[in-house]
Every structure is written in structure tokens, then in C-alpha cells.
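Q: Take this structure, written in C-alpha cells, and hold onto it; I'll ask about it next.
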Amino acid sequence: MRETREEERELALIQTFSAVIESMIHSSESVSYSYHAKSKFEAFRAPSISIRDYLSRIHKFAACSPECFVLALVYIDRLHQMQGILLTDLNVHRVIITSVVVAAKFFDDHYYNNAYYAKVGGVPCSELNQLEVELLLMINFSLHVNTDTYVHYYNELSNHYIFTSPRHSLAPNVPVNGQFRHYVAPNQQSELVYITEVVPARPLHRSQPPLYPQACHRRAMEELEKSVGSNSTQHFVRQGSRSSGQKRRSAVALGVNA
């Protein structure tokens with residue numbers, strides 16, 4: 001059964017989110033560990049599950065809306081900007097699950113309790129409770145994301161996916177001479193709507209160096225610094241979206257607690 005454009009958009013978002021997170025970890029490896037800000041998110045050893053598989057698991061079982069992953073990335077950046085937290089192999093899984101849980105509770109109409117999220121994320125429920133409070137305190141309960149910031153993050157993720165994804169196993173209904181581009185933009189009523197269009201494929205010429213995730217992330221962060229100060233208060237509209245909690249799956253407990 002062919003995936004719908006909405007499903008393809010969500011899969012693209014997860015894939016790109018994982019690539020950006022991996023690039024952030026790669027960037028932090030150049031910083032001496034003695035300069036890393038310590039936090040409750042640190043584990044004794046790195047979990048064996050990859051970031052992409054971990055995000056795919058959260059997407060499958062947590063059933064939160066795709067917007068929550070964009071908000072989670074905003075919160076992760078705020079952790080870095082406000083507290084100097086750098087993502088590493090030891091803290092990234094706890095930071096991800098906590099950020100997604102906080103985003104789901106803030107944005108979605110329906111969500112699960114922490115006992116279920118802890119089972120999905122592979123941490124004890126008591127620890128997830130503490131991590132949730134820790135995240136809120138570290139970002140000073142700054143959960144609101146204005147329209148300009150959301151549009152910037154989402155569209156940068158979309159552009160990152162267009163430039164770094166191979167031709168295209170996720171969307172078999174894409175024309176051979178193009179691929180889907182997903183982005184958000186205001187409609188005539190000044191409400192944000194999701195748009196999917198087909199753009200021509202961009203062949204990589206030998207004279208053009210490949211765009212690596214690290215370079216894309218640095219460019220996105222430089223542009224983000226210019227847009228964070230916006231005072232826009234528009235709300236974004238989800239088309240064909242779902243609130244978390246509509247369909248609870250039977251999640252087998254994952255062991256990432258180290």
C-alpha cells in the first residue's frame with residue numbers, strides 16, 4: 001500500500017530530525033568533555049539503539065502529532081542556548097524523549113501518562129518525571145514557539161531533507177524527474193498550512209561538494225538566531241493531523257537506561 005503524502009511528510013521529518021541531531025553530536029565531539037555542562041540527562045554508558053531507530057520508535061508508539069518533533073528540536077536548541085547543554089551519545093536519548101513528551105503535553109489535545117512514555121523511551125517512570133521537571137527548569141518554562149520560529153525550523157528541516165535524501169524510496173508515487181517538498185506557509189487568512197509540492201530533482205555534479213548535515217545545521221542555526229526575536233503570535237493549522245493518544249499501541253519496554 002502506497003504511503004500518503006502525510007505519512008511521507010512524517011517519515012521525512014523523522015529522518016531529517018535524526019540527521020540534524022547526529023550532526024549536533026558530531027559538532028560537540030570537538031569540544032573538550034571538561035567544558036560540557038553536566039545535567040541529569042547523562043547516562044553511564046551510551047544506549048545501543050541508534051538515534052534514527054529511537055525516533056522511529058517514539059513516532060510509532062507515542063502517537064504524538066508531527067509538530068511535536070519540531071517543537072522538541074526548538075526545546076533542544078533552547079537547552080543549548082540557555083544552559084550550554086551539548087548533545088552527546090550519553091545524553092541524547094534522554095534529551096529526545098523528554099523534549100518530545102513535553103512538546104506533546106504542551107501542544108497536543110490528548111497525550112499519554114508518563115508511565116507509558118517511559119516504557120516507550122526505555123527509562124524508569126520516576127526518572128522521566130525528574131527529567132521533565134529538569135527540562136522545564138532549564139529552559140525557564142519557555143515552551144511557546146511563535147509562528148516565525150516554527151516556520152523557520154520546519155522549513156529548514158524540509159530543505160535539509162531535500163538536499164540530503166537519496167532518490168526516493170520513501171515516496172514511490174513521486175515523479176521520476178522530481179520529489180516531494182513539504183513546507184509551511186500562510187494562507188489568505190494568515191493561518192499556517194502545510195503544503196506539499198513536487199520539485200525537480202537536483203543532480204549532484206562532480207564540481208559541487210555534497211551538503212553534509214553539519215554544514216546544513218550550522219547554516220540553519222545562523223539563520224535561526226536572526227528570527228528568534230520575532231513577536232508574531234499567529235497560530236498554525238494542521239491539515240489531516242491527529243492528536244496524540246488516539247490509537248495506543250502495545251509498546252514493548254525498551255531498555256536504554258544505563
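Q: On the given criteria, is F44 modelled with pLDDT under 90 and aromatic (F, W, Y)?
A: yes
Q: Further question: All but one of (1) outside any helix (DSSP H, G or I); (2) out of contact with any helix residue (DSSP H, G or I) (no Cβ under 8 Å at 6 or more places or on another chain); (3) modelled with pLDDT under 90 hold for E3; state the number of the condition that does not hold.
A: Among (1) outside any helix (DSSP H, G or I); (2) out of contact with any helix residue (DSSP H, G or I) (no Cβ under 8 Å at 6 or more places or on another chain); (3) modelled with pLDDT under 90, the lone unmet condition for E3 is (2).
Q: Which is surrounded by 13 or more Cβ atoms within 10 Å (Cβ to Cβ), modelled with pLDDT of 90 or more and in contact with a helix residue (DSSP H, G or I) (Cβ under 9 Å, 6 or more places away or on another chain), of V145, V184, V174? Outline the logic, then answer.
A: Values: V184 fails: modelled with pLDDT of 90 or more; V174 fails: modelled with pLDDT of 90 or more.
Result of the check over V145, V184, V174: V145.
Q: If you don't mind, there's one more thing I want to ask. Looking at (1) assigned to a helix (DSSP H, G or I); (2) more than 14 Å from M138 (Cβ to Cβ); (3) without any contact (Cβ under 8 Å) to a residue 24 or more places away in the chain, find the lone condition where Q81 falls short.
A: Here Q81 meets the rest and fails (2).
Q: Another question, if that's okay. Starting from segment 128-152, keep only residues that are without any contact (Cβ under 8 Å) to a residue 40 or more places away in the chain, then list their pairs with residues that are among the hydrophobic types (A, V, I, L, M, F, W, C) and outside any helix (DSSP H, G or I) whose Cβ atoms are within a distance under 9 Å, requiring at least 6 positions of separation or different chains.
A: Close Cβ pairs (under 9 Å, with a partner that is among the hydrophobic types (A, V, I, L, M, F, W, C) and outside any helix (DSSP H, G or I)) amount to L136/L143.
Residues checked against (1) assigned to a helix (DSSP H, G or I); (2) surrounded by fewer than 18 Cβ atoms within 10 Å (Cβ to Cβ):
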{"site": "C64", "(1), (2)": "no, no"}
{"site": "V70", "(1), (2)": "yes, no"}
{"site": "D89", "(1), (2)": "no, yes"}
{"site": "H93", "(1), (2)": "yes, no"}
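Q: Evaluate segment 103-116: report whether one residue or more is within 18 Å of S39 (Cα to Cα) and either buried (at least 20 other Cβ atoms within 10 Å of the Cβ) or of a type in the set (A, V, I, L, M) (or both).
A: No: zero hits.
The values are calculated or read from the model by the stated rules, or taken from the named source; none is laboratory data. Keep in mind that this is a model prediction, so the values were computed, not measured. In this analysis, Cβ positions are derived from the backbone assuming ideal geometry, glycine residues included, and neighbour counts consider all displayed protein chains.
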